[in-house]
Amino acid sequence: MKNIYFIRHGEATHNVDFKLRGEEAYLDEKHINSVLTTKGINDAIYLKHNFININKIDLVLVSPLTRAIMTVLNIFDNKKIICIEDLREYPMGIHPVNKRKKKSELKSIYKDITFSEICEDDIYFNEGNKESINNLEKRINNLKYYIKKRDEQNIAIISHCSFISYFLYSDFKKILHCKPYVFNLFP
């Protein structure tokens, strides 16, 4: 059995703007690949000091979006961190907030993260082409397969609200920022 700890990234700039403008915030170019707010950073640091199972974590998987990477770096020290394309927010393709940097740029900024599992260019972001639920389900199944073939038993996953919610509940429910949600994956 694998113990999976899903963690939604900390509060980001587009999350604050969403409270003011709704869906329009996700379409605003000023939030391309949004970053954490001060609250988001502080919540991640708080989790670092209050996550009971943090020392049990063998592996950390993270979305390639900046807000997720910033979150992981504020929570975990001295852990193997692998960036996984499938962990991105749903739906890919219509919200500039979900467009990522090039792999080479990510590698030059975040030296302690392994980026071997992603492509150079953001081939998954196709503006105006909303991702289907079927594609989201494929991404979830890809992740399950990836985790099952790994040796690690305790895995933290830093991802996004819609992805985590659909993985856990096959529905879209509210997922809190920087709060672990436990899932057991059986072989």
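Odds and ends about this structure:
- Residue count for the stretch 117-137, restricted to those that are exposed (fewer than 11 other Cβ atoms within 10 Å of the Cβ) and β-branched (Val, Ile, Thr): 1
- Counting residues in the stretch 74-90 that are of a type in the set (Ser, Thr, Tyr), free of Cβ contacts under 8 Å to residues at least 60 places away in the same chain and out of contact with any strand residue (DSSP E or B) (no Cβ under 7 Å at 6 or more places or on another chain) gives zero.
- Residue in the stretch 41-62 that is over 19 Å from ASN154 (Cα atoms), in contact with a Lys or Arg (Cβ under 8 Å, 6 or more places away or on another chain), open to solvent by less than 10 Å² (accessible area, probe 1.4 Å) and at pLDDT 95 or above present: no
- Candidate set from the stretch 100-132 (those that are touching a residue at least 12 places away in the same chain (Cβ under 8 Å) and assigned to a helix (DSSP H, G or I)); member that is farthest from ILE82 (Cα to Cα): SER104
- Matching residues in the stretch 104-158 - criterion: being under 16 Å from the mean Cα position of the chain (by Cα), among the charged types (D, E, K, R) and under 16 Å from LEU65 (Cβ atoms): GLU117, ASP122, ARG139
- Selection from the stretch 163-172 of residues that are in a loop (DSSP other than H, G, I, E, B) and within 16 Å of the chain's Cα centre (by Cα): PHE172
- Qualifying residue in the stretch 165-181 (condition: polar (S, T, N, Q), surrounded by 14 or more Cβ atoms within 10 Å (Cβ to Cβ) and in contact with a helix residue (DSSP H, G or I) (Cβ under 8 Å, 6 or more places away or on another chain)): no
- Within the stretch 22-73, the set of residues being β-branched (Val, Ile, Thr), under 18 Å from ASP122 (Cα atoms) and in a helix (DSSP H, G or I) comprises THR66, ILE69.
- For the stretch 94-116, the tally of residues that are farther than 18 Å from PHE163 by Cα, open to solvent by 60 Å² or more (accessible area, probe 1.4 Å) and among the charged types (D, E, K, R) stands at 5.
- Selected residue (criterion: most open to solvent (accessible area, probe 1.4 Å)) from residues of the stretch 14-29 that are modelled with pLDDT of 90 or more, of a type in the set (D, E, K, R) and touching an Asp or Glu at 6+ places or on another chain (Cβ under 9 Å): ARG21
- All of THR114, THR71 fail the test of being more than 23 Å from ASN15 (Cα to Cα) and among the hydroxyl-bearing types (Ser, Thr, Tyr), apart from THR114.
- Each residue in the stretch 138-155 was checked for being in a helix (DSSP H, G or I) and either of a type in the set (D, E, K, R) or open to solvent by less than 50 Å² (accessible area, probe 1.4 Å) (or both), and 8 of them qualify.
The values are calculated or read from the model by the stated rules, or taken from the named source; none is laboratory data. As the structure is a prediction and not an experimental result, all values here were calculated from the model. Here Cβ is always computed from backbone atoms with ideal geometry, including for glycine, and neighbour counts include all displayed protein chains. Areas reflect the complete protein model, heavy atoms only, side chains present, ligands, DNA and RNA absent. Shrake-Rupley method; radii C 1.70, N 1.55, O 1.52, S 1.80 Å.
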